[in-house]
Amino acid sequence: MNMKQLVQIVTLLILMACGTKNAFDCDGGVAKSQCSQRTKYENARIALDDGDLDTAITLLDELITDEPSNYERYPLLAAAYAARAGLDILNIVTSNFGGSSSMLQTLSSVIPTPAALGSAYDQSLVDMNAANEVLEAIPAELRSSTSSDKYAASAVLQMTLYQSAYAVMYLNKFTYSASGYDPSRLSSMTADDATAILSALAAAGAASGGAAGSAAQEAIAAIQAQPGATDAEKLAAWSQSAR
């Protein structure tokens, strides 16, 4: 990840930070428009700034439905879904995917676990998948690293990170119990589960999001090199060896 990409993604996702006065705050910020005339987009930005992710998602989804070709809003909606999924956004963009740690180890500190969320984990997975679906709705040529659109670099990097996070979160569904890490659960992984995990990793690698994309590609190669007759068996072996 180069510095330009980092600045772009942090500028976008800093909306998730708490305690920052926003540009539309009538109680202390510098109002850009009269409070009685706030637009839906302004209210969505305020909700993001305040950490009111449910409201932000509702408003941004409505805005995208009303103007589906306004792709600048898609990365914001994806960020809101990822934050609601429990992804530690401000830390993931600075994660060292090029170090000696595996991608699995790198992501472990920024994603929730089933042990931490309990019954809410399935909804967390749904939200993480939704973040990816939002970004995939942007035409491929407009979320390319070669696109001149100002949101493109952020969308590429987000997609790489979110697909990687989704893959690891999905895998963790089979490695954690309520009491913590439990690799014996890996035997319950089905062929469809393995396909979904590998597809997410492949999408992350194809997004070309710098070091994170390379880490996803390396993870796929490492998985395929593991012993086992099926993808599920290879994933199970990699999950234990890469931790």
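Key figures for this structure:
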read-out	value
Residue list for the stretch 45-99, filter: assigned to a helix (DSSP H, G or I), over 22 Å from Leu117 (Cα atoms) and aromatic (Phe, Trp, Tyr)	Tyr71, Tyr74
Enumeration of residues in the stretch 187-243 that are acidic (Asp, Glu) and under 15 Å from Met103 (Cα atoms)	Glu218
Filter result for Val110 (without any contact (Cβ under 8 Å) to a residue 60 or more places away in the chain and either surrounded by 19 or more Cβ atoms within 10 Å (Cβ to Cβ) or among the polar types (S, T, N, Q) (or both))	yes
Long-range neighbours under 9 Å by Cβ, at least six apart or interchain, first residue without any contact (Cβ under 8 Å) to a residue 12 or more places away in the chain within the stretch 131-152, second of a type in the set (Gly, Ala, Ser) and assigned to a loop (DSSP other than H, G, I, E, B)	Glu141/Ser147; Ala152/Ser144; Ala152/Ser145
In the stretch 55-94, residue modelled with the highest pLDDT [restricted to those that are closer than 19 Å to Tyr121 by Cβ and among the charged types (D, E, K, R)]	Arg84
Selected residue (criterion: surrounded by the most Cβ atoms within 10 Å (Cβ to Cβ)) from residues of the stretch 190-243 that are assigned to a helix (DSSP H, G or I) and of a type in the set (Ser, Thr, Tyr)	Ser239
Positions within the stretch 143-186 being in a loop (DSSP other than H, G, I, E, B) and either at positive phi or modelled with pLDDT of 90 or more (or both), in sequence order	Lys173, Phe174, Thr175, Asp182
Tabulated pairs, the stretch 162-179, first among the β-branched types (Val, Ile, Thr), second surrounded by 24 or more Cβ atoms within 10 Å (Cβ to Cβ) and not in a loop (DSSP other than H, G, I, E, B), C-beta under 6 angstrom, 6+ apart or interchain	Val168/Leu107
Only one of Ala153, Ala232, Ala212 that is touching a Ser or Thr at 6+ places or on another chain (Cβ under 7 Å), of a type in the set (A, V, I, L, M, F, W, C) and farther than 30 Å from Leu76 by Cβ	Ala232
Neighbours by Cβ (under 9 Å, 6+ apart or cross-chain): first from the stretch 214-242, among the hydroxyl-bearing types (Ser, Thr, Tyr); second surrounded by fewer than 19 Cβ atoms within 10 Å (Cβ to Cβ) and modelled with pLDDT of 95 or more	Thr230/Ala191; Ser241/Gln226
Selection within the stretch 128-142 - surrounded by fewer than 18 Cβ atoms within 10 Å (Cβ to Cβ) and assigned to a loop (DSSP other than H, G, I, E, B)	Ala137, Pro139
Some residue of the stretch 139-147 being of a type in the set (Lys, Arg) and closer than 25 Å to Ala116 by Cα	no
Residues of the stretch 79-107 that turn out to be among the polar types (S, T, N, Q) and either surrounded by fewer than 16 Cβ atoms within 10 Å (Cβ to Cβ) or at positive phi (or both), as a count	5
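The values are calculated or read from the model by the stated rules, or taken from the named source; none is laboratory data. Because the structure is a prediction, the values reported are computed rather than measured. Reconstructed Cβ throughout: ideal geometry from the backbone, glycine too, with neighbour counts over all protein chains shown.
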